[in-house]
Amino acid sequence: MRKQHLVGGVLAFLLLASPCAAQGIGIGGRMSMVRGDVRADPASVAQRFLGGQIRARLSPKTSIEVSLERRTESPNLNTRVKDYPLQGSLLFSPIHSTFSPYLLGGIGWYTHVVDALTAGEVTATAATRTMGYHAGFGAELTFGGHAGVHADYRYTMLHFGDGTDGGTAGLVNRFKPSYDGSMWTAGFTFYF
């Protein structure tokens with residue numbers, strides 16, 4: 001019994017003292033508040049999503065993240081709406097410290113499923129999936145290199161240009177970014 005405690009203590013010390021402990025793979029949970037394009041729909045209301053993410057530190061300043069979230073809503077007895085945003089992001093932290101601000105960008109697939117219900121049973125399903133880019137900024141606060149909390153803001157469904165190609169103004173408008181939604185995200189990650 002004593003030998004097991006000694007081996008466990010040595011392994012814990014090596015993990016905590018390892019210079020690579022700050023780099024690795026992390027898994028955690030997250031909550032997002034997602035809002036559609038308020039310019040197209042002024043009555044757009046933020047909706048809460050719950051999910052998780054996997055983060056992998058590639059270097060002290062770069063990480064990748066894959067996240068999946070879910071929201072289910074039943075606006076009436078005959079309909080159930082489910083949304084599943086799946087995002088892949090690259091995070092760049094210009095300052096690597098306990099409090100690390102970062103910029104992020106990536107691609108996402110946004111699935112929207114509407115189920116028709118009769119007596120609580122699904123009778124028909126309609127699903128759509130859209131792909132879009134996202135970009136944003138945020139920060140992560142780490143605790144001992146093995147845990148962290150983060151918060152970020154993301155512009156979703158980014159696109160460039162307004163579809164006009166007239167003269168110099170058309171050249172400027174071709175590279176003008178716009179977006180069709182936004183999301184605030186907060187979560188925690190445990191790193192291994």
Item to check | Dipole moment magnitude, nearest 20 debye, the range 56-96 about Cα centre, only Lys, Arg, Asp, Glu C-beta charged | outcome: 60
Checklist outcome for this item: Contour minus Cα-Cα span, F192 to A46, at 0.36 nm per residue, comes to 49.2 nm
Next on the checklist: Report the gain in length on full extension from L77 to S59: 0.36 nm times residue separation, minus Cα-Cα distance, nm rounded to one decimal.
Outcome noted: 1.5 nm
Checklist outcome for this item: A correct Kirkwood calculation over the Cα atoms of the range 103-162 returns a hydrodynamic radius in Å of 15.0
Checklist outcome for this item: About its Cα centre, the range 72-152 carries a charge dipole, from +1 on Lys and Arg Cβ atoms and -1 on Asp and Glu Cβ atoms, whose size in debye to the nearest 20 is 120
Checklist outcome for this item: A chain fully extended from M33 to W109 at 0.36 nm per residue, minus the present Cα-Cα distance, gains in nm 25.7 nm
Checklist outcome for this item: Expressed in square angstrom to the nearest 10, the accessible area of Y110 with a 1.4 Å probe stands at 40
Item to check | Proximal charge balance of Y191 [Cβ under 11 Å; K/R count +1, D/E count -1] | outcome: +1
Next on the checklist: Charges on Cβ only, +1 for Lys and Arg, -1 for Asp and Glu, centred on the Cα centroid of the range 50-125; of L90, T123, S59, which one is farthest towards the dipole's positive end?
Outcome noted: S59
Next on the checklist: Suppose R0 equals 25 Å. What FRET efficiency, 1/(1 + (r/R0)^6) with r the Cβ-Cβ distance, do T118 and R70 give to the nearest 0.05?
Outcome noted: 0.60
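The values are calculated or read from the model by the stated rules, or taken from the named source; none is laboratory data. Every value quoted in this text rests on a predicted model; they were computed, and no experiment measured them. Note that each Cβ is placed from the backbone with ideal geometry, even for glycine, and that neighbours are counted across all protein chains shown. In case anyone asks, the SASA skips ligands and DNA or RNA and just uses the protein heavy atoms, side chains included. Shrake-Rupley method; radii C 1.70, N 1.55, O 1.52, S 1.80 Å.
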